[in-house]
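Just below is one structure, and these are the notes that go with it.
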Amino acid sequence: MTKLHFNYKDIFRAFRLGFSAKKIWVGFQGLLLGWLGYMVLGYLAYLVSGTSIAAVWENFRLLPMPDAVAALPAFNVGGWILWAVGVVWLVFAAMTAGVAISKLTYEQLRGDEFFEVKEAWKQALKSLGALIATPVLLGLFIVLLLAAGLLLGLIGRIPYAGEMIVGLLAIPAFAVALFVVYLIVVFFFTFTISPAVIGTTKSDAFDNLFEVFSCVNDQPWRLVWYQFLLIIFARVGMAVLAFFSVKALHLGRWIVGILMNVGQAKSGAQVLYKLDLMINSAADTVRLVLPRWVEQALFWLPNWLHNAFAWIKGAVELPSLVTSQAPMIPNWSMMVSTILFSIFYHAFILFVLSYGMAVWFSGNTLAYLVLVKKKDERNLLEIKEEEIEIPEKLEVTTPAEEAKPTPKKKAPTKKKPTAKKTTRKTKKG
């Protein structure tokens, strides 16, 4: 069993705990499933809104975004609903994988280095109802309180009496509004700490919600501080892994190109080596177009954040890999190779994101263990799992056997007590 410090020092273990083939693989599976569902629903959202598949592919490739290109029409109501369902699917697919990662981390900290991925996924899928119900129940309660505010506004439209009622209920309405703000904060933390709670304690929806409230109430500053650290750790981890992975790609491209780039392939008026032609064509299938409201939000960030983003992009050399003009592919064999390279590019991106995901959920597992120790004086690593008592086998009798008369048992015969031989001791005169 790993001995923890039960303070902020333990959060730095997230780098090492996240760098695990099992956890990265679980994160990869969750992101792949979530991304495929989001992509299908995103395309359907544009189709419902009157945009052709060709136009969506030309602008977004495999990651459609709403309100990102001025030339395309905006989503209608059906399109926004489909896109929102896609986002929810992506979030909960990632969170389900997060439960499995938290379970792997918890068992590793307890000393079980060989806990199987299959068992972790089984626990995650078994707890899927609790994972979904926790934010849903809290969200419905928030909506109910907001609906009460709308009702108060409707009452305020009553002549004369309405103004007086609103005035009398001003202080209670302010208290409810403040409580709603508090619930929104807790609602946000249900998406960050809930997978760790479920992965370590196998809690249901109400227990999970109680633990989230307990962490927010009893240890708010530690919770916020740990989340801030993990955001930095996840991004630094992804940047470092991407940097070395890109160097590995350049090395492989150089080694293979020594002999493969001897022959040239023509693409219109442009002459390219065969390997470069396939790589550039595959890189064109990777495209990220942010919505305009996201770009406007990024515009208001401080200059040092813009410089940090630019430095990270330059450090990992992503523009040289995924930004290029797609040349014409001369034959079918290169077309097949381009498709295979495109699959590899997307797998490479998911691999880097999966490490950040493993760092995030492993770190949140550590954070939850520390918070429980601080608020409840309990070390969850020392708690043993309850032993399941197997009931005795029940005798199953068929109707034919029940119809048979039960044989009468003979009463045991009592044996007559045998007379014990007594010996008399004679005294010698």
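At q = 0.07, 0.08, 0.14 Å⁻¹, what log₁₀ I(q)/I(0) does region 10-382 have when each alpha carbon counts as one equal point scatterer in the Debye sum? Once normalised to I(0) and log-transformed, intensities are -0.42, -0.54, -1.32.
For region 2-64, which trypsin sites (Lys or Arg not before Pro) are in a loop by DSSP, counting at most 13 other Cβ atoms within 10 Å?
Numbers: sites: Lys3, Lys9, Arg13, Arg16, Lys22, Lys23, Arg61; in loops: Lys3, Arg61.
The qualifying sites are Lys3.
I need the trypsin sites (Lys or Arg not before Pro) found in region 106-157, filtered to DSSP loop residues with at most 13 other beta carbons within 10 Å of theirs. Can you show the working numbers first?
Working: sites: Arg110, Lys118, Lys122, Lys126, Arg157; in loops: Arg110, Arg157.
Hits after loop and neighbour filter: Arg157.
Using a cut-off of 15 Å between beta-carbons, work out the net charge of the residues near Leu125 (Lys and Arg +1, Asp and Glu -1, Leu125 not included).
Details: positive: Lys103, Lys118, Lys122, Lys126, Lys202; negative: Glu116, Glu119, Asp204.
Here the charged neighbours net out to +2.
Find the relative contact order for region 10-382 and round it to a whole percent, using C-alpha pairs within less than 8 Å whose residues are 6+ positions apart. Value for region 10-382: 29 percent. Cross-link pairs exceeding 29 Å in C-alpha to C-alpha distance, out of Lys126/Lys247; Lys9/Lys126; Lys3/Lys122, comprise Lys126/Lys247; Lys9/Lys126.
Each reported figure results from applying straightforward, stated rules to the coordinates on display, with no laboratory input. Since the structure is predicted, the reported quantities are computational estimates derived from the model, not experimental observations. Neighbour counts run over all protein chains shown; Cβ positions are idealised from the backbone, glycine included.
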